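The values are calculated or read from the model by the stated rules, or taken from the named source; none is laboratory data. Worth saying up front: this structure is predicted, and the values here are computed from it rather than measured. Because the Cβ atoms are built from the backbone with ideal geometry, glycine has one as well, and the counts that use them run over all protein chains shown.
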Amino acid sequence: MDQDTVVNLATQAMSLALRVALPLLLVGLVVGVVVSIVQAVTQIQEQTLTFIPKILATAAVLLVAGPWMLNQLLGYTVQLWSSIPSMVG
């Protein structure tokens, strides 16, 4: 296994991690900004108010996009395991 192979595997892993985490992060960001705007408009300054909507939105994204995320991770894992003999030999 040479240096190019290791760099390629690390790049693929980081790209996959970004693709899988991006929907969760974006929904958390959008819900946080919306709740912050509502707090600023209504002048409710409760710090714990943002947690429940973020948790519910994240759970909804996991229910909707969970199978896609699992297929992405499974595809990468199968591809990685099947390429082990060619990397070693």
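Would you say Val35 is in contact with a Pro (Cβ under 8 Å, 6 or more places away or on another chain) and surrounded by 10 or more Cβ atoms within 10 Å (Cβ to Cβ)? Before the answer, list the steps.
Details: in contact with a Pro (Cβ under 8 Å, 6 or more places away or on another chain): yes; surrounded by 10 or more Cβ atoms within 10 Å (Cβ to Cβ): yes.
Yes.
Can you name the residue in the range 51-89 that is part of a helix (DSSP H, G or I) and among the polar types (S, T, N, Q) and, of all such residues, is nearest to Gln3 (Cα to Cα)? Spell out the reasoning first.
In the first step, residues of the range 51-89 are kept if they are part of a helix (DSSP H, G or I); the result is 51-82, 84-88.
Cutting the leftovers down to among the polar types (S, T, N, Q) gives us 58, 71-72, 77, 79, 82, 86.
Details: Thr58: 38, Asn71: 28, Gln72: 25, Thr77: 20, Gln79: 19, Ser82: 19, Ser86: 15 Å.
Among those residues, the one meeting the criterion is Ser86.
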Residues of the range 16-67 satisfying the condition of being among the hydrophobic types (A, V, I, L, M, F, W, C) and either at positive phi or touching a Lys or Arg at 6+ places or on another chain (Cβ under 9 Å) (or both): Val27, Val31, Val35
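Of everything in the range 52-89 that's among the aromatic types (Phe, Trp, Tyr) and under 16 Å from Val20 (Cβ atoms), which residue is surrounded by the fewest Cβ atoms within 10 Å (Cβ to Cβ)?
From the range 52-89, those among the aromatic types (Phe, Trp, Tyr) are 68, 76, 81; that's our starting set.
Now restrict to residues that are under 16 Å from Val20 (Cβ atoms): 68, 76.
On the way: Trp68: 12, Tyr76: 18.
Among residues in the range 52-89 that are among the aromatic types (Phe, Trp, Tyr) and under 16 Å from Val20 (Cβ atoms), the one surrounded by the fewest Cβ atoms within 10 Å (Cβ to Cβ) is Trp68.
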Tally of residues being of a type in the set (A, V, I, L, M, F, W, C) and over 28 Å from Trp68 (Cβ atoms) across the range 7-50: 6
From the options Thr48, Thr11, Thr5, residue that is part of a helix (DSSP H, G or I), at pLDDT 95 or above and among the hydroxyl-bearing types (Ser, Thr, Tyr): Thr11
Val20 vs. criteria touching a helix residue (DSSP H, G or I) at 6+ places or on another chain (Cβ under 8 Å), surrounded by 12 or more Cβ atoms within 10 Å (Cβ to Cβ), of a type in the set (Val, Ile, Thr) and under 30 Å from Asp4 (Cβ atoms): yes
